[in-house]
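Contents: one structure, followed by commentary.
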């Protein structure tokens, strides 16, 4: 019998509600430790705090040390509420709770965006994306272990570089995920209805660099070959790569080039964002970009970059997890919807390995990466209890 069914979803919800005050206090503490991705010391301070919390539950801590970015935090819990860790003799594959502690907010943001609670919402840098999800995981596990209701081993992995593409953590995430039966991603839920995410687009970044021939625009115009003009032609071609029917979008997001208005530009560059809904489109996108050619033969074209995250396609295993979650939510007295999103997460990596991955299992709120970033406190305990029910095994 599923442990959450045995102990009752409504009982789990009642238990988590008793933790509400402590959850908000710990959330304030964590949000008040700024942790931008590029600042190793700052992210390490946040992960050190969280490691202490999980260790207090009996979790076995393992650090994946990094030189440039923050250290990656891995915590393992055995089954059946064992205070020792490492599997407790269970033959079950563990469940992976996956999240990140880095944020997009630079140091000093707290001065103008302090943690605060206003009209049932908690505000602050990183509160929604995704420090609330970290606190939720902590209290979901604490609730299960208090009840001796955790029948499946659990691994918690909190990385330090998700917001910048997971350059150092991807390999660790994939290695641990391969050991697990399912992955629950602690990213925020989708939209005001708080939908779980069963599909995400893959993400790519391409850089298009043109080198031309500089010349005086008044004296030697005909001797110049403008990199800016050539780049403009290429951007027109690139924009036509978009195929809305298949979910492929291509956005030349930033461009730069030239030095002065009276100088024919010697260099120009565009940074292009690519999103794909299907894995089979990755090779297609690569062919399109590598097939670009300069119209002006005096100009040199260089293409760099590629796909950073594979798409998280809606799979049978993920749908089964969602249906289970939907049933638990119904038993707790609220509805649960599923959604797809154009944004990527580390769940893209685990889903691409064929491991059932359910995303958006964190907080309900709005304003990721925006000044109004916030979570709905009325949803905090419900979603934590739902996470506990799913994690019980």
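The values are calculated or read from the model by the stated rules, or taken from the named source; none is laboratory data. Being a predicted model, the structure only gives us computed values, none of them experimental. Quick reminder, even Gly has a Cβ in these numbers, built from the backbone with ideal geometry, and neighbours come from all protein chains shown.
Annotations for the structure displayed:
- Looking across 47, 35, one residue alone is at pLDDT 95 or above, in contact with a strand residue (DSSP E or B) (Cβ under 7 Å, 6 or more places away or on another chain) and closer than 17 Å to residue 110 by Cβ. It is 35.
- Qualifying residue in the stretch 281-291 (condition: touching a strand residue (DSSP E or B) at 6+ places or on another chain (Cβ under 7 Å), over 29 Å from residue 181 (Cβ atoms) and surrounded by fewer than 15 Cβ atoms within 10 Å (Cβ to Cβ)): yes
- Considering 295, 304, 300, the condition of being under 30 Å from residue 268 (Cα atoms), surrounded by fewer than 16 Cβ atoms within 10 Å (Cβ to Cβ) and either assigned by TED's automatic domain parsing to the domain that holds residue 102 or in contact with a strand residue (DSSP E or B) (Cβ under 9 Å, 6 or more places away or on another chain) (or both) is satisfied by 304 alone.
- Selected residue [assigned to a helix (DSSP H, G or I) and over 20 Å from the mean Cα position of the chain (by Cα)] from 294, 283, 298, 351: 283
- Within the stretch 55-71, being within 17 Å of residue 100 (Cα to Cα), without any contact (Cβ under 8 Å) to a residue 40 or more places away in the chain and either in contact with a helix residue (DSSP H, G or I) (Cβ under 9 Å, 6 or more places away or on another chain) or outside the structural domain of residue 150 (by TED's automatic domain parsing) (or both) holds for 61, 63.
- Yes/no for residue 328 being outside any strand (DSSP E or B), over 23 Å from the mean Cα position of the chain (by Cα) and buried (at least 20 other Cβ atoms within 10 Å of the Cβ): yes
- From the options 230, 222, 179, residue that is touching a strand residue (DSSP E or B) at 6+ places or on another chain (Cβ under 9 Å), at pLDDT 95 or above and surrounded by 18 or more Cβ atoms within 10 Å (Cβ to Cβ): 230
- Hits in the stretch 123-143 - residues which are surrounded by fewer than 24 Cβ atoms within 10 Å (Cβ to Cβ) and either closer than 29 Å to residue 349 by Cα or in contact with a helix residue (DSSP H, G or I) (Cβ under 8 Å, 6 or more places away or on another chain) (or both): 142
- Looking across the stretch 368-393, the residues that are in a loop (DSSP other than H, G, I, E, B) and either in contact with a helix residue (DSSP H, G or I) (Cβ under 6 Å, 6 or more places away or on another chain) or without any contact (Cβ under 8 Å) to a residue 12 or more places away in the chain (or both) come down to 368, 370, 373, 392, 393.
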